[in-house]
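Following: one structure in C-alpha cells, then a few remarks.
FYI, it's all coordinate maths here, none of it is from the lab. Computed from a predicted model, the values in this text were never measured in an experiment. In this analysis, Cβ positions are derived from the backbone assuming ideal geometry, glycine residues included, and neighbour counts consider all displayed protein chains.
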Amino acid sequence: MLVALLVVPLVLALFGGVHWYVWRRLVRDTTRPGGAARRAGTVAAVALPLLSLGALTAGRAGAPFALQQVLAWPGFLWLAVLLYLVLALLVGEAVRPLLLRLPARRPTAPTAPAPGSGRAPAPAHAQVPAPREAAVTTAPVPCPAGPAAEAAEAAEAPSAAARAAEATDPPAAPAAGAVPAPEAPAAPIPEGPVLASGMSRRLFVSRAVGAAALAAAAGTVGHGTHGVLRGPRVKRVTVPLAKLPRSAHGYRIAVVSDVHLGPILGRAHAQRIVDAVNATQPDLVAVVGDLVDGSVENLGPAAEPLAGLRARHGSFFVTGNHEYFSGAEEWVDEVRELGLRPLRNERVELAGFDLAGVNDVAGATYGDGPDFARALGDRDRARTAVLLAHQPVLIHDAVRHGVDLQLSGHTHGGQMWPGNLLADLANPTLAGLERYGDTQLYVSRGAGAWGPPVRVGAPSDITVVELASRQA
C-alpha cells in the first residue's frame, strides 16, 4: 500500500509533465498568444489526458459499459499517439538547432534600370554624397540696385526646372582627389526564412518540427490500429519432441492468447479469430489466457462466437491475469458453456501425449494460483507433456516437472515498440520458440491488444504449433 501511495503521484506527475512538454512544443511554440489556435490547443491538452485517465480507470471503477466504450477509443488511442509524438518530438530536439543555424537568405541584388531610361546603374562602390550644406555668411551683402544687378542675380540663381532635374538625376561621380563619404552600415538581415507573412525563423522551425512529429505519430498509430482491426495472421511452427510417438507426428495445436475482448475489441473481433482458427483445421485449440477485459455481464455476447471453434480433439482454456481482474470463476463457467474445457491445475491424457494446464500466477492473490504438483505430479514421465500456462515466467517450474513443451502468451511481443524492450526484461522469452534444458517454450504475441488497439513492431498472431516426432 505504501508503495502504491508513492508510485501513483510520481506516475501522475510524469503524465502531466509529458503533456506539458507536448503542449509547449505543439501549441505554445507554434501559435500566437491569445489566438483561437492557442486556445483550442490548450483545451485539447487538458481534455485528452483526462479521457485517457478515464479509459484506464472506468472499468475498475465499475462505470457503465456504455461509458467505458465512449471513453476507450479516444482515451486509449491518445495514449498511443502520445507515445510516438513524444518520441518524434525528442528527435526534433536534435534537428531543431541545425535548422535554426541554416544560413539566412540574403537580400536580392538591386534591379537593373528599364531599357531606354538613358541612365546607367550606379556602380556598387559609388556612395551617395552627403547633403549639400547651405552657405553661412558672416555679414550682410548689399543688393545692387538697378536692372543690371537684377539680370546678374537671375543668371546666378538656378531655374526651378534645373533644381527638379538635380533632385531626380543620379549624383555625379566624385571629382578626382575627393575624399568619399563614410559608407553607411548595411541593414541587418532578419533571422529565419524570408516569408511573405513575415514569419520568424524560430516560428517556422517550430511549426515544421511539430507538424512532422504529429504526422509521424498519427501515421504510426493508424498503421498499427489497422493491423489489430484486420485480425491476427496465422503463423506455423514445427516443434520436434524426443518422446513424442510416431502416431502423434504432425499433431497441430492452434495457440490463441491475449484476445482481450473489451470496450474496443468485441464480437466482430472474436468472430475473426474463430474463422482464422477453423481455417487451419487444427487437431486441438489452446486458449492460453487473457481472453477478456471485463465482466461476463458486459462481454458475454462478445465471447459467444467462441462456441464456433472446431477442432478434432476440442478446445481448452487456462486463465490469464486479466481473467482474475474480470471475475475468473464466472468466466471459467462461461467458457465451459461455450464448449471450451478449462484446465485448472489439471491434466488430460490424449493419444500420444499429456495435455496439462495451470492457473495464472495472478490467481495466487485470490487463493487460486498455479499448482504444478496437482497438474503434473503423478504423471508417467515417459510420455510427452505439453503444458498450457499463460505467463512465460512459469517455464522454470515446467522444467522441474519434466514438461517437454510449454505454450504461453502474456507478453504481446511488447505490442508497441519500444515496449518490447521492457517486456523482454520482465519475461524469459518475449516471443517465439526457445529451449530451457530439456523443455521448449513457445510464446505467442497474442491475437488482440490491451489498452490502445495498436501494435507496432509486434503483429498479432494465431500460431499453429505442429508437433514432430523424432521417431518418425
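HN-Hα J couplings of the stretch 455-470 from phi, Karplus 6.51/-1.76/1.60, θ = phi - 60°, integer Hz, Gly and Pro as x?
Karplus-based 3J(HN,Hα) across the stretch 455-470 equals 10, 10, x, 8, x, 5, 8, 10, 10, 9, 8, 9, 7, 10, 8, 6 Hz.
Separation of the stretch 409-472 and the stretch 78-97 by C-alpha centroid, Å?
Cα centroid of the stretch 409-472 versus Cα centroid of the stretch 78-97: 28 Å apart.
Quick query: amide H of Val287 versus all other amide H atoms, modeled in the peptide plane; which residues come in under 5 Å with a sequence gap of 5 or more or a different chain?
Val256, Phe316, Phe317, Val318
Assuming R0 = 51 Å, can you tell me the calculated FRET efficiency for the pair Ala66 and Asp371, based on Cβ-Cβ distance, to the nearest 0.05?
In this case the efficiency is close to 0.85.
Considering the zone a paramagnetic label at Ala268 would reach in this model (a point 7 Å from Cα along the Cα-to-Cβ line), which residues of the stretch 221-238 have amide N under 18 Å from it?
Flagged as within label range: 222-233.
Taking 0.36 nm per residue of separation and subtracting the Cα-Cα distance, what length does fully extending Arg470 through Ala218 add?
85.8 nm
How much length is gained on full extension from Arg207 to Ala426, taking 0.36 nm per residue of separation minus their Cα-Cα distance?
Going from the current span to full extension adds 74.9 nm.
How large is ³J(HN,Hα), in whole Hz, for each residue of the stretch 240-249 in order, when computed from phi with the Karplus curve 6.51 cos²θ - 1.76 cosθ + 1.60 and θ = phi - 60°, using x for Gly and Pro?
Calculated HN-Hα couplings, in order: x, 10, 5, 8, 5, x, 4, 5, 9, 4 Hz.
Using only alpha-carbon positions, what ratio does the radius of gyration of the stretch 386-435 give when scaled by 2.2 N^0.38 Å?
Normalised Rg, Cα atoms only: 1.15.
Leu53 versus Asp275, label points 7 Å from Cα toward the beta carbon: distance in nm?
Roughly 4.1 nm, to one decimal.
Let's see if you can work this out: charge +1 on each Lys and Arg Cβ, -1 on each Asp and Glu Cβ, no other charges. What is the dipole magnitude of the stretch 232-469 about its Cα centre, in debye to the nearest 20?
Dipole of the stretch 232-469, to the nearest 20 debye: 940 debye.
Enumerate the calculated ³J(HN,Hα) couplings along the stretch 222-234 in order (Karplus 6.51 cos²θ - 1.76 cosθ + 1.60, θ = phi - 60°), each rounded to whole Hz, writing x wherever the residue is Gly or Pro.
Calculated HN-Hα couplings, in order: x, 5, x, 5, 4, x, 6, 6, 5, x, x, 8, 8 Hz.
Let me see the pair-distance distribution of the stretch 232-469: every alpha carbon pair, 5 Å bin width, integer percents in order.
1, 7, 15, 21, 22, 17, 11, 4, 1, 0
Skipping prolines and chain starts, which residues have an amide H placed within reach, meaning under 5 Å, of the one on Ala385, given they are 5 or more residues away or on another chain?
Asp354, Asp404, Leu405
Work out, step by step, the length gained on full extension between Val399 and Val348: first 0.36 nm times the residue separation, then minus their alpha carbon distance; give nm to one decimal.
Gain in length upon complete extension: 16.5 nm.
Residues with amide H under 5 Å of Gly369's amide H, sequence separation 5 or more or different chain, H placed in the peptide plane at 1.01 Å from N; which?
So Gly369 has HN proximity to Ala364.
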